[in-house]
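Single-structure report; data block below.
The values are calculated or read from the model by the stated rules, or taken from the named source; none is laboratory data. Note that this is a predicted model, so its numbers are computed, not measured. Neighbour counts run over all protein chains shown; Cβ positions are idealised from the backbone, glycine included.
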């Protein structure tokens, strides 16, 4: 199963150093039955894009929790065995949890298929979206539009061999 793991650039750097994304129950996004039902399509590419987009929104939340990291969303796409993934049953009816899954155990970075990162020209809109998250969560329509503005920037695709350049490790 393809999963989309939300990160920050510093989280990606740590994964590069350690060789794994995280230990324990790692939050990720995938094409789940609830996501399929919500988006009403059988097109797997559209569904995977929806899961990637949901992971990008989760990356925004990670950025909001750490003021010291560059304001660029990061999502790692990785392949894991179906048995290594479970839906978070506690948030099943929460629309913000659509496609959310838990990956059991450490996820070796070697399982990554690709990395998706904002370009530098998205940083201003991503920063504004991070700043507007709390108000958007509180129901402010204008703030919600600002958060959606970050989604207007497509994440750039990178091969896993490009991770050292993304995180500044040229050696």
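Tabulated results
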| read-out | value |
| --- | --- |
| Complete set of residues in the range 29-48 that are out of contact with any helix residue (DSSP H, G or I) (no Cβ under 7 Å at 6 or more places or on another chain) and surrounded by 15 or more Cβ atoms within 10 Å (Cβ to Cβ) | 32, 34, 48 |
| In the range 102-142, residue nearest to residue 66 (Cα to Cα) [restricted to those that are assigned to a loop (DSSP other than H, G, I, E, B) and without any contact (Cβ under 8 Å) to a residue 12 or more places away in the chain] | 138 |
| Count of the range 66-82 residues which are outside any strand (DSSP E or B) and over 12 Å from the mean Cα position of the chain (by Cα) | 9 |
| Which listed residue is under 20 Å from residue 85 (Cα atoms), at pLDDT below 90 and more than 14 Å from the chain's Cα centre (by Cα), from 19, 24 | 24 |
| Enumeration of residues in the range 149-171 that are loosely packed, with under 15 Cβ neighbours inside 10 Å and part of a loop (DSSP other than H, G, I, E, B) | 152, 154, 159, 168, 169, 170, 171 |
| Index of the failed condition, residue 14 passing every other in (1) over 25 Å from residue 71 (Cβ atoms); (2) surrounded by fewer than 16 Cβ atoms within 10 Å (Cβ to Cβ); (3) without any contact (Cβ under 8 Å) to a residue 24 or more places away in the chain | (1) |
| Odd one out for residue 47 among (1) under 15 Å from the mean Cα position of the chain (by Cα); (2) in contact (Cβ under 8 Å) with a residue 24 or more places away in the chain; (3) farther than 22 Å from residue 168 by Cα | (2) |
| Residue within the range 70-81 that is surrounded by fewer than 22 Cβ atoms within 10 Å (Cβ to Cβ), in contact with a helix residue (DSSP H, G or I) (Cβ under 9 Å, 6 or more places away or on another chain) and closer than 12 Å to residue 99 by Cα present | no |
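Conditions (1) at pLDDT below 90; (2) closer than 27 Å to residue 162 by Cβ, marked per residue:
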| site | (1), (2) |
| --- | --- |
| 74 | no, yes |
| 77 | no, yes |
| 93 | yes, no |
| 106 | yes, yes |
| 113 | no, yes |
| 119 | no, yes |
| 130 | no, yes |
| 150 | no, yes |
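Residues checked against (1) crowded, with 18+ Cβ neighbours inside 10 Å; (2) within 22 Å of residue 9 (Cα to Cα); (3) out of contact with any strand residue (DSSP E or B) (no Cβ under 8 Å at 6 or more places or on another chain):
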| residue | (1), (2), (3) |
| --- | --- |
| 66 | no, yes, yes |
| 84 | no, no, no |
| 99 | yes, no, no |
| 118 | yes, yes, no |
| 121 | no, yes, yes |
| 125 | yes, yes, yes |
| 128 | no, yes, yes |
| 139 | no, no, yes |
| 147 | yes, yes, yes |
